[in-house]
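The values are calculated or read from the model by the stated rules, or taken from the named source; none is laboratory data. Because the structure is a prediction, the values reported are computed rather than measured. So basically every Cβ, Gly included, is an ideal-geometry build from the backbone, and we count neighbours across all protein chains shown. Only protein heavy atoms, including side chains, enter the accessible area calculation; ligands, DNA and RNA are left aside. Shrake-Rupley method; radii C 1.70, N 1.55, O 1.52, S 1.80 Å.
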Amino acid sequence: MLALTELGQRLRQERESKGLSLEDLQKLTKIQKRYLLGIEEGNYEVMPGKFYVRAFIKQYCEAIGLDTDAIFEEYKSDIPSTQTEDIPQQLSRVRSRKEIPQHTKGVSKAYDYLPTVLVVAGVVVVGIIIWVIAQNIVSDKNKEQANQEAPNSEVQQSNTQEETNETTAKNDNSTSEDDQSAADKKEQEKEKEKAAKEKAAKEKAEKEKAAKEKKDSGKQEYKEVQKTGRSATYALSGTDAFNLEVTSTQADTWLDVKNGKGNAFFSSILKKGETKEFDLTKETEARVNIGYSPGVELKVNGKAVDLPFDSSKQVRQVVTIQYQPAEAQ
């Protein structure tokens, strides 16, 4: 089993170089740890079948960023063939459908009584509305009767009070007019000051808009250069910035970001819900290696860009971005 030992050693060395434990790899691939260990030790007897051996090796390679086709070609004489087996309908990491819990039957029965409950509730609401209207009518009648029975002396007292108020109002009229005039002038000054501020703010906004439009006259362009296998190259131009943002929304994934010289900016697991940002403005090229692409989102300078391949067909994807600053064009 020398060839198998060489394959296992190759996979284990690559995994350990990326700082991944078997538990980490189990989370990434959804393959049981004992099967992963069997692959590294060349012990395929622990597998459910030959097809699973090939499928699990493929998932192992993709998770740690190895080229599956190259691995299968290099070790084709040592990896079991599936010609003598029927291909299972689902891999072990695909979850089977669960039976509907029994407790949902009670919920279904509850829905049968829902129309009756709604009718009863409607009747109760209507009854409450009628009661409130009746109370308001009785209250209005009581107020009207109390007004009719009020003594005439109260009316006379009210008239006398109104005459007194009119006399006082006349005496204070001249003073209030002076106060009102001063208040009006103060209000007018505030309005003028507010109008001046709004005008200045509007002019400033227009200037900033014009400056931004002038700056953005050379719009960012992100276009495909070539595509082959699981790798694609794009050209970024028309901008003076190169900021890359990578987010994983569905599951943990292996992420490797390097520049054109091979210097790594990040080489580790990007956990579910985590976002990594990279300022690559000083670089001319960036290579993004994604181990598990479903749910991974890329943004260039804050603008979302599509992955080059359908993630349901190509799990591992490599995106190379060649950057040419606008000022150099």
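Data overview
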| item | result |
| --- | --- |
| All positions within the range 292-321 that are surrounded by 16 or more Cβ atoms within 10 Å (Cβ to Cβ) and touching an Asp or Glu at 6+ places or on another chain (Cβ under 6 Å) | V315, R316 |
| Checking Y292 against (1) among the hydroxyl-bearing types (S, T, Y); (2) closer than 20 Å to Q59 by Cβ; (3) over 22 Å from the mean Cα position of the chain (by Cα), the condition it does not meet | (3) |
| Test: residue in the range 268-289 that is small (G, A, S) and either in contact with a helix residue (DSSP H, G or I) (Cβ under 6 Å, 6 or more places away or on another chain) or open to solvent by less than 30 Å² (accessible area, probe 1.4 Å) (or both) | yes |
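Residue-wise test of (1) without any contact (Cβ under 8 Å) to a residue 40 or more places away in the chain; (2) touching a Leu at 6+ places or on another chain (Cβ under 9 Å).
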| site | (1), (2) |
| --- | --- |
| S267 | no, yes |
| L270 | yes, yes |
| D279 | yes, yes |
| E283 | no, no |
| N289 | no, yes |
| A326 | no, no |
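Yes/no per residue for (1) closer than 22 Å to T68 by Cα; (2) assigned to a loop (DSSP other than H, G, I, E, B); (3) of a type in the set (K, R):
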| site | (1), (2), (3) |
| --- | --- |
| Q250 | no, yes, no |
| D256 | yes, no, no |
| K261 | no, yes, yes |
| S267 | yes, no, no |
| F278 | no, no, no |
| A286 | no, no, no |
| P294 | yes, yes, no |
| L298 | no, no, no |
| P308 | yes, yes, no |
